[in-house]
1. Return the residues of the stretch 86-133 that are among the small types (Gly, Ala, Ser) and either within 13 Å of the chain's Cα centre (by Cα) or under 17 Å from Leu6 (Cα atoms) (or both); say none if nothing qualifies.
2. Any idea which of (1) under 25 Å from Ser131 (Cβ atoms); (2) buried (at least 16 other Cβ atoms within 10 Å of the Cβ); (3) not polar (S, T, N, Q) is the one Ile29 doesn't satisfy?
3. Does Ile80 fit the bill of being assigned to a strand (DSSP E or B) and of a type in the set (A, V, I, L, M)?
4. Against the condition surrounded by 15 or more Cβ atoms within 10 Å (Cβ to Cβ), farther than 19 Å from Lys87 by Cα and within 14 Å of the chain's Cα centre (by Cα), how does Val21 come out, does it pass?
5. Go through the stretch 35-77 and give me each residue that's hydrophobic (A, V, I, L, M, F, W, C) and not in a strand (DSSP E or B).
6. Any idea how many residues of the stretch 76-110 are over 22 Å from Asp39 (Cα atoms) and either surrounded by 21 or more Cβ atoms within 10 Å (Cβ to Cβ) or touching a Lys or Arg at 6+ places or on another chain (Cβ under 8 Å) (or both)?
7. Those residues that are under 21 Å from Ile106 (Cα atoms), of a type outside the set (S, T, N, Q), touching a Ser or Thr at 6+ places or on another chain (Cβ under 9 Å) and not in a loop (DSSP other than H, G, I, E, B), I need them from the stretch 1-34; list them, please.
Amino acid sequence: MKSKILIVNAHYYRDISKDLVSDAKLTLINGKVSHQIIDVPGVFEIPVVIAKNIKKYDGFIALGCVIKGETPHFDFISKITINGIMKLSVESKKPIGNGILTCINISQAHVRSDPNGKKRKGKEAAEAVLSVLGFKT
């Protein structure tokens, strides 16, 4: 049976998320798994979408970006989202690849999302899920 993966993509920073998704999809195609994508406005919405779909998929990939601003909002959103994803993964015993970038500025985000760069977070998140599901990466 083919594994089913859901990519939950926060598209607040569209150019960043586009690169993350592209890299994750390419990695999944190589792993021969089926996948679907659900777009959400921001990373805060990722855990609830995964929770709603937890029984329908074998694994998940959370993609998006949070960039630090002048208020503590960055710290709250980052921590709550990452904790929510980890809790869902442990409770459901299903892998959730974390491809959510938490960056100080947009330049850092571009470096980490670039499909041609060294820090390919979309690929890394997909590989993590494939590895836990038993695929060689």
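1. Ser89, Ser92, Gly97, Gly99, Ser113, Gly122, Ala125, Ala126, Ala128, Ser131
2. (2)
3. no
4. For Val21, the condition - surrounded by 15 or more Cβ atoms within 10 Å (Cβ to Cβ), farther than 19 Å from Lys87 by Cα and within 14 Å of the chain's Cα centre (by Cα) - is met.
5. Across the stretch 35-77, the qualifying residues are Val43, Phe44, Ile46, Val48, Val49, Ile50, Ala51, Ile54, Phe74, Phe76, Ile77.
6. 2
7. Correct list: Ala10, Asp15, Ile16, Lys18, Asp19, Leu20, Asp23.
Here, each number is a calculation from the coordinates, and none is a lab measurement. Only a predicted model underlies this, so the values are computations on that prediction, with no experimental measurement involved. Neighbour counts run over all protein chains shown; Cβ positions are idealised from the backbone, glycine included.
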